[in-house]
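See below for the structure under consideration.
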Amino acid sequence: MEAAKKEVGLARVAFEGKFKAFVDYQSPEADVLSRERDAIQLFALTLVRVLFLLGENKQAPMLLQYLQTAMGDTVTPKGLNRPTILGQGQALVEALPEKPERLMVLRLIQEEESRLAEITLPIGDEGHYYPATVIFYFQHLIRNLSEASLFFLMLVLGGLMEYYEKIGKTNDLKALTDGPAYGFSTAIRYINEERQRHNPGTN
């Protein structure tokens with residue numbers, strides 16, 4: 001018998017046209033920080049899946065480069081910014097379109113010991129809609145996460161970039177689980193090291 005699965009978060013990216021989309025994130029989680037961490041985890045799992053689906057074409061490195069530029073615009077020497085990372089003509093819309101051109105549904109599922117993303121991506125023009133889904137969801141997070149969670153997201157992404165640079169490839173099946181795990185452990189290690197640096201007497 002299959003172990004009970006529980007949906008802990010749901011993001012929707014509903015495209016009104018090719019360049020406009022509505023994004024929301026829903027969760028039964030009452031605690032804001034936990035809810036934001038879940039949204040970040042879902043983003044990391046979605047990103048590695050999209051990179052995997054894009055395969056060996058040039059789209060995957062282009063998407064990673066795009067995200068790195070956005071990270072540089074967010075974490076600046078003067079502190080955290082909330083930049084507009086969408087391209088010219090792209091925009092987030094305020095309401096769910098009545099008849100979305102494409103509806104991407106990203107679910108964060110809790111299994112017994114692990115979490116996974118169940119992602120429904122309609123086929124057709126994947127080279128546009130798959131990267132666009134990641135970018136629109138990323139823009140939504142940049143706008144809506146609390147400051148602490150936005151910084152955590154940047155740390156997770158930094159870890160993920162390091163993973164692809166030094167350890168795994170975007171078209172490697174192992175990266176689907178190992179990439180996000182590496183990103184999260186890198187972020188948590190950084191936070192713990194910073195805490196110890198500021199409070200040397202604590203563990």
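Listed values, structure above:
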read-out: From the options Tyr25, Tyr66, residue that is touching a residue at least 40 places away in the same chain (Cβ under 8 Å), among the aromatic types (Phe, Trp, Tyr) and surrounded by fewer than 17 Cβ atoms within 10 Å (Cβ to Cβ); value: Tyr66
read-out: Matching option when the condition is hydrophobic (A, V, I, L, M, F, W, C), part of a strand (DSSP E or B) and either closer than 16 Å to Ile142 by Cα or in contact with a Lys or Arg (Cβ under 6 Å, 6 or more places away or on another chain) (or both), among Leu10, Leu47, Leu42; value: Leu10
read-out: The stretch 1-22 - residue that is within 20 Å of Gly127 (Cα to Cα) and among the charged types (D, E, K, R) and, of those, surrounded by the fewest Cβ atoms within 10 Å (Cβ to Cβ); value: Lys18
read-out: Residue within the stretch 32-51 that is surrounded by fewer than 14 Cβ atoms within 10 Å (Cβ to Cβ), in contact with a helix residue (DSSP H, G or I) (Cβ under 9 Å, 6 or more places away or on another chain) and within 21 Å of Leu116 (Cα to Cα) present; value: yes
read-out: Scan of the stretch 161-202 for residues that are of a type in the set (Asp, Glu), under 19 Å from Leu116 (Cα atoms) and assigned to a helix (DSSP H, G or I), ordered by number; value: Asp178
read-out: Cβ-Cβ under 7 Å pairs, at least 6 apart or on other chains, the stretch 103-125 side closer than 18 Å to Ile40 by Cα, far side aliphatic (A, V, I, L, M) and loosely packed, with under 14 Cβ neighbours inside 10 Å; value: Glu111/Ala3
read-out: Residue tally, condition surrounded by fewer than 14 Cβ atoms within 10 Å (Cβ to Cβ) and either assigned to a strand (DSSP E or B) or touching a Phe, Trp or Tyr at 6+ places or on another chain (Cβ under 8 Å) (or both), over the stretch 109-122; value: 1
read-out: Candidate set from the stretch 96-108 (those that are surrounded by fewer than 17 Cβ atoms within 10 Å (Cβ to Cβ) and of a type in the set (A, V, I, L, M, F, W, C)); member that is nearest to Arg12 (Cα to Cα); value: Val105
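Every read-out reported here was derived from the displayed coordinates using simple, explicitly stated rules and does not represent laboratory data. Quick caveat: nothing in here was measured; it's all calculated off a predicted structure. As a convention, Cβ positions derive from the backbone with ideal geometry for all residues, glycine included, and neighbour counts pool all protein chains shown.
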